Amino acid sequence: MLRRDIQLLDVEIVTERLILRPIDLIDLEPIAREFDEEITRYMYPPPARSAMDVAPFIANSIEGLSNNTNLQLVANLAENSEQFVGCLGLHRVNTPTPELGVWIAKGFHRQGLGLEAIEALCGWAADEIECDYLRYTVDRENLPSRRIPENLGGEIEDEYDRITPDGRTLNIVEYRIYPETI
């Protein structure tokens, strides 16, 4: 639950290299362009075939922002605020166990930007949300993404399989990140 009366549509988080801001319709094209088979290999949603695949996601995200239940952000470079880096979110913020998620565009892989973004979002959550812990779910084989919760003191709490809408099986490892460790 939110600790104070804030609007998720107004949240902006600035890090050394990134600006994290609420998703908007202007993000349709860069998301559609970057959300391909390689990016979604270890993710639940299938790749975007066109901008029309992304539009419902953005609409649902804006609705979640508006009703203060889902903080869906876009990461842009701080030095060039028009440069799309990726998406991240804190889902179900009104529950005791919100879930973190992140994906970074291929051109920005191996630069530590996913960790930087999630670390900043966890810091924001520790200040602004009352919760038991933050969940971070990731496919067992996605080692770069697994390093994010591990670097933040995350502990493995559960493991299970999840079937995606396009029939793939993900072998999920669920980490818990406790606010007091952030």
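For a quick check of your reading of the model, give me the residue pairs whose first member lies in segment 44-64 and is closer than 12 Å to ILE31 by Cβ, whose second is in a helix (DSSP H, G or I) and hydroxyl-bearing (Ser, Thr, Tyr), with beta-carbon atoms closer than 8 Å and at least 6 apart or on different chains. Here the result reads PRO47/THR40, each pair linking segment 44-64 to a residue that is in a helix (DSSP H, G or I) and hydroxyl-bearing (Ser, Thr, Tyr). Quick one: in segment 1-26, which of the residues that are open to solvent by less than 30 Å² (accessible area, probe 1.4 Å) and among the aliphatic types (A, V, I, L, M) is nearest to LEU115 (Cα to Cα)? It comes out as LEU18.
Scan segment 95-112 and give yes if some residue there is farther than 25 Å from ASP139 by Cβ and either in contact (Cβ under 8 Å) with a residue 24 or more places away in the chain or not acidic (Asp, Glu) (or both), otherwise no. No, the conditions are met nowhere in segment 95-112. Condition first: in contact with a helix residue (DSSP H, G or I) (Cβ under 7 Å, 6 or more places away or on another chain), part of a loop (DSSP other than H, G, I, E, B) and either surrounded by 15 or more Cβ atoms within 10 Å (Cβ to Cβ) or modelled with pLDDT under 95 (or both). Can you find one or more residues in segment 79-90 that meet it? No: segment 79-90 contains no residue that is in contact with a helix residue (DSSP H, G or I) (Cβ under 7 Å, 6 or more places away or on another chain), part of a loop (DSSP other than H, G, I, E, B) and either surrounded by 15 or more Cβ atoms within 10 Å (Cβ to Cβ) or modelled with pLDDT under 95 (or both).
To keep it simple, each residue is scored yes or no on (1) more than 30 Å from ARG4 (Cβ to Cβ); (2) surrounded by 17 or more Cβ atoms within 10 Å (Cβ to Cβ); (3) of a type in the set (A, V, I, L, M, F, W, C).
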residue: LEU28; (1), (2), (3): yes, yes, yes
residue: ARG41; (1), (2), (3): yes, no, no
residue: PRO46; (1), (2), (3): yes, no, no
residue: ASP53; (1), (2), (3): yes, no, no
residue: ALA59; (1), (2), (3): no, no, yes
residue: LEU65; (1), (2), (3): no, yes, yes
residue: ASN70; (1), (2), (3): no, yes, no
residue: VAL74; (1), (2), (3): no, yes, yes
residue: LEU77; (1), (2), (3): no, no, yes
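Of everything in segment 131-164 that is touching a Pro at 6+ places or on another chain (Cβ under 6 Å) and either touching a residue at least 60 places away in the same chain (Cβ under 8 Å) or not in a strand (DSSP E or B) (or both), the residue that is most open to solvent (accessible area, probe 1.4 Å) is ASP132. Under the condition of being open to solvent by less than 10 Å² (accessible area, probe 1.4 Å), within 12 Å of GLN72 (Cα to Cα) and outside any helix (DSSP H, G or I), the residues counted in segment 91-122 number 2. Residues being touching a residue at least 40 places away in the same chain (Cβ under 8 Å) and within 14 Å of the chain's Cα centre (by Cα) are represented in segment 25-33 by at least one member.
The values are calculated or read from the model by the stated rules, or taken from the named source; none is laboratory data. Note that the structure is a prediction, hence the values are computed from the model and not measured. Backbone-built Cβ (ideal geometry, glycine too); neighbour counts: all protein chains shown. We work out accessible area using only protein heavy atoms, side chains counted, and drop any ligands, DNA or RNA first. Shrake-Rupley method; radii C 1.70, N 1.55, O 1.52, S 1.80 Å.
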